[in-house]
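In what follows, a single structure is set out as C-alpha cells and then discussed.
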Amino acid sequence: MAEETIFSKIIRREIPADIIYQDDLVTAFRDISPQAPSHILIVPNVLIPTVNDVTAENELALGRLFTVAAKIAKDEGIAEDGYRLIMNCNRHSGQEVFHIHMHLVGGRPLGPLLAK
C-alpha cells in the first residue's frame, strides 16, 4: 500500500492550501513555489504514487485531470495564449511528491520544454 502524502492531507483539507477546484475525483490547488504566473497542481483524490502505478480503474479520475485543466486554464485566462501540462514519473523526472499530479503552468511564454 502506498504511503500517504502531503497531497492526501490537502485533499482532505487537513492542511491549508489555495484549493481552486475539488470534486469527487480530483482536487486542484496553487503550487506553493510557482514557476509561472499560473502554476496549479491537479491531483486525483485517490493516491496513485506514479504513472507506473496507473490501472484501468484510474481512467475516469485521470481523464478528469484533463477536463479540469482545460476549465482552470479558461478561468485563469491562459487558454487562448497557451499553457503547459506536465506530469513527472519517478526521481529522474524530478517527481518529488509520490502522489501522481499534473502541473498546469502558464501566463507567460514558457520556452522550450527540455534543455539540450
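The values are calculated or read from the model by the stated rules, or taken from the named source; none is laboratory data. Keep in mind it's a predicted model, so treat the numbers as computed, not measured. Please note: Cβ atoms are built from the backbone with ideal geometry, for glycine as well, and neighbour counts cover all protein chains shown. Heavy atoms of the whole protein, side chains included, go into the accessibility calculation; ligands, DNA and RNA do not. Shrake-Rupley method; radii C 1.70, N 1.55, O 1.52, S 1.80 Å.
Sequentially through the stretch 38-53, phi angles give Karplus couplings (6.51, -1.76, 1.60; θ = phi - 60°) of 10, 9, 10, 9, 10, 10, x, 6, 8, 6, 10, x, 9, 4, 4, 9 Hz, Gly and Pro residues having no value and appearing as x.
Shown here for the stretch 13-84: trypsin sites (Lys or Arg not before Pro) in loop regions (DSSP other than H, G, I, E, B) with at most 13 other Cβ atoms within 10 Å, namely ARG13. A simple charge model with +1 on the Cβ of Lys and Arg, -1 on the Cβ of Asp and Glu and nothing else charged puts the dipole of the chain at about 320 debye relative to its Cα centre. Taking the Cβ of THR27 as the centre, find all other residues whose Cβ is under 14 Å away and add up their charges (Lys, Arg: +1; Asp, Glu: -1). With Lys, Arg at +1 and Asp, Glu at -1, the net is +1. Annotation: amide H of TYR21 within the under-5 Å range of ALA28, sequence separation 5 or more or interchain, hydrogens built in the peptide plane. Computed extension gain for GLU96 through THR5, at 0.36 nm per residue and net of the alpha carbon distance, reaches 31.7 nm.
Protein heavy-atom accessible surface, 1.4 Å probe, per residue over the stretch 1-41: 62 Å².
Scanning residues 5 or more positions from ILE100 or on other chains, those with amide H under 5 Å from its amide H are ILE48, THR50, with H placed 1.01 Å from N in the peptide plane. How many percent of the accessible area of the chain is carbon or sulfur, using a 1.4 Å probe? The value for the chain is 53 percent carbon and sulfur by accessible area.
Rolling a 1.4 Å probe across all protein chains gives ASP53 an accessible area of roughly 70 Å².
Using a simple spin-label model with pseudo-atoms 7 Å out from Cα toward Cβ, VAL54 and GLU76 lie 2.0 nm apart. When you filter the GluC sites (Glu not before Pro) in the stretch 1-96 for DSSP loop state and at most 13 other Cβ atoms inside 10 Å of their Cβ, you are left with GLU3, GLU4, GLU14, GLU80, GLU96.
Relative to the dominant Cα principal axis of the chain, helix 59-76 is inclined by about 30°.
Near GLY82: Cβ cut-off under 14 Å, other residues only, Lys/Arg at +1 and Asp/Glu at -1. The net charge is 0.
Only helices enter this figure: runs of n ≥ 4 DSSP H residues, each worth -39500 (n - 2.57), summed and divided by the residues of the chain, yield -6500 deg cm²/dmol at 222 nm to the nearest 500. Taking Lys and Arg as +1 and Asp and Glu as -1, the other residues whose beta-carbon sits under 14 Å from that of ILE48 total -4.
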